[in-house]
Structures are given as C-alpha cells and as structure tokens.
Amino acid sequence: VSAALGLIAVAAIYARGRRMFSRGVGLLAAALATGAFWALMYSRMGLRIVALPASVLWGMIFFQRGLDRARRLDFIIAGIVLGISAYTYSATRLLPAILIVFLIYLFAFDRPRLRKHGLNITLTLVIGVAIALPMVIHIATVPARGRRLGQVAGPLYALQRGGAVPLLKSSALTAGLFIASGDPEWLYNVPDRPVFDLLTGAIFYLGVLLCLRKLRREAYAFVLIWLMAGLVPPMLTWPAASNSHGILAQSPAFLVAALGIDAVTLWLS
C-alpha cells in the first residue's frame, strides 16, 4: 500500500507541475519524487503519513483545474479530497492556512481574479473543514488530546515562557533541511541527511529565489505559500528539520527544485 501511494504521488506531482508550470517542470518534479530518499523512505514503511502527499496533490490538482476552468465542480472535488486528506497526518492542519493566505495574496495582487474565484476558493475551504470537523471535535474533546503535542512542542512552550532561542534555532535548522541539516531521527531518515545533495540543494534555493522574483505570477506564489506552510510544523516542534513534521512541504519542495533545474537548464542552453 505504501509503495502504491508513493507511485500515485509521483503521477500526481507530474500532473500538478505540468498544469502549474510546464511539462518539463512536471517531469523534473516527478523524477525528484521518484529518487529522493525523503519520498522513498515513506514508500517503504507501513505508516499512514505516506498517504498525505498523494491525497494533498490530487486535491491541489482539482483546485488548479478550478482556477483554470472556472468550474465550481472542480473546487467542490478539491474540498472533498483535501478534507479527506486531513485524516492522513496532523501536518494537514496547515492546509486551511494555504488557502487563506492565497486569498490574501489575490486581494493584494490580483483583485479581478479574487472576484472571479474568491467564492469558489472559500467553498473549497468550507467543504474541507466540514469533512475534517468530526476529527477536530474528537481531538478537542478527548482528555489525552494534548499528549502528543506536549512531547514535540518544545520551541512553542519555550516561547510562551519568554525564550525565543529554541524557536530561532529550530527555524534555522529547518531552513537548512534541504542542503545542510536533515532529520536527526534514524526512524525516518539516515540521521542528519539533508533532502538534497549540495548541487540540487543549491538549485532548490535558486528555485525559491525564482518564486520570489516572480511573486506576482499566481503559480509561483502558490507553490511558495504551500512550501512555507509545510515548513511551519518542523519549525515549531522537536526535532527540528523533521521529515515527518514537514511532510506537507515535500511536494512543493520537489516542484521548487524542478523550477530551479529548469531555469538552470534554460540558462545553460
């Protein structure tokens, strides 16, 4: 099952990259998702977390179809799939933030687009939250709900006591997740192995700069919002730079790296 979900994620990231950017970017992102240890590791383990990239990607595909075709049914399907994905792993709690920040982005940079799609994007958000609501209520009412958070939320608790150093350190380590400091837990990684090698990691950060440079283009802004939302959990929790806590950032990370590789290839040619 895990291997099958990993393969579905490869197909989905190709479809997402092609629809957002180009066929070449889709193929490059799929190649990274095929060979990256971050994706391979979870495709070999019997953990529910492997369902997150596949389900979120398919929800995002329908969301993009809705933006491209202005068809409400696509937004409804996106909301259903993203809502179901909330049951895969806790990192999906950041999914609503992606859509909310994207609405804010449209308000700031493209209000005609917001007027055209704002209601449908909100519909996607409402449907997704409604599907996740039974789990949210359960978590809110079960006495042991805070046990797991208490185990991993060290930087947040330190910040509440007035100490910002653990949070700053965790954020710095997470920022280097792709080239310098990988997940230290042997359960989910070769300890401290970064997501990419030095060359690919440098190209990934080039892709981030490219997204910032083209921030007024919707596709580049959306993938950057998605990436940053996915990196919030490993910044706020222990261990820093956790592959598991940052799993929501996996797909946009491969897309951003693919953008960087595509840009370097065009420049060289």
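Every residue, every condition in (1) under 28 Å from I261 (Cβ atoms); (2) assigned to a helix (DSSP H, G or I), yes or no:
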site: A30; (1), (2): yes, yes
site: A33; (1), (2): yes, yes
site: A39; (1), (2): yes, yes
site: R44; (1), (2): yes, no
site: V56; (1), (2): yes, yes
site: R65; (1), (2): yes, yes
site: F75; (1), (2): no, yes
site: G79; (1), (2): no, yes
site: G83; (1), (2): no, yes
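Okay, residues lined up against (1) touching a Phe, Trp or Tyr at 6+ places or on another chain (Cβ under 9 Å); (2) at pLDDT 95 or above; (3) crowded, with 20+ Cβ neighbours inside 10 Å; (4) outside any loop (DSSP other than H, G, I, E, B):
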| residue | (1), (2), (3), (4) |
| --- | --- |
| N189 | yes, no, yes, no |
| F196 | yes, yes, yes, no |
| Y220 | yes, yes, yes, yes |
| V223 | yes, yes, yes, yes |
| P233 | no, no, yes, yes |
| A241 | no, no, yes, no |
| P252 | yes, yes, yes, yes |
| A258 | yes, yes, yes, yes |
| A263 | no, yes, no, yes |
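Number of residues in the range 80-96 that are hydroxyl-bearing (S, T, Y) and more than 19 Å from M228 (Cβ to Cβ): the value is 2.
Specify which of the listed residues (T88, T92) is touching a residue at least 24 places away in the same chain (Cβ under 8 Å), surrounded by 18 or more Cβ atoms within 10 Å (Cβ to Cβ) and outside any helix (DSSP H, G or I). The match here is T88. Of the residues making up the range 8-24, none is free of Cβ contacts under 8 Å to residues at least 40 places away in the same chain and over 21 Å from L259 (Cβ atoms). Total residues in the range 67-120 satisfying the condition of being of a type in the set (S, T, Y) and over 30 Å from H245 (Cβ atoms): the figure is 0.
The values are calculated or read from the model by the stated rules, or taken from the named source; none is laboratory data. Keep in mind that this is a model prediction, so the values were computed, not measured. Quick reminder, even Gly has a Cβ in these numbers, built from the backbone with ideal geometry, and neighbours come from all protein chains shown.
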